[in-house]
1. Out of Ala40, Ala61, which single residue is among the small types (Gly, Ala, Ser), surrounded by fewer than 10 Cβ atoms within 10 Å (Cβ to Cβ) and at pLDDT below 85?
2. Applying the selection to region 48-66, what residues are part of a loop (DSSP other than H, G, I, E, B) and within 27 Å of the chain's Cα centre (by Cα)?
3. Quick check on this structure: which one of Asn47, Asn3 is of a type in the set (S, T, N, Q), surrounded by 10 or more Cβ atoms within 10 Å (Cβ to Cβ) and at pLDDT below 75?
Amino acid sequence: MRNTKDQKVIIDENEYPLAGAIAQLSIKRMDKNFNLKNAAPIYIRNNVAKTISERKIDLKAKERKI
């Protein structure tokens, strides 16, 4: 286990073996205003596939072009 420098976050590398590597990769993407308390998981489906309503809108747009 180790604490991060500013945020006092404890990472249990036995339970989460990739946590340290992920932190090292992501540190370059965080600016000085980053606060771990505001961090939240992202929804992985975002922008991967269209919803049913989005597909209906696209279908209507295609029908108008024909």
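The values are calculated or read from the model by the stated rules, or taken from the named source; none is laboratory data. Since this is a predicted model, take the numbers as computed values, not measurements. Neighbour counts are summed over all protein chains in view; Cβ atoms, including those assigned to glycine, are modelled from backbone coordinates with ideal geometry.
1. When all the criteria are applied, what remains is Ala40.
2. Across region 48-66, the qualifying residues are Val48, Ala49, Lys50, Thr51.
3. Residue meeting the stated conditions: Asn3.
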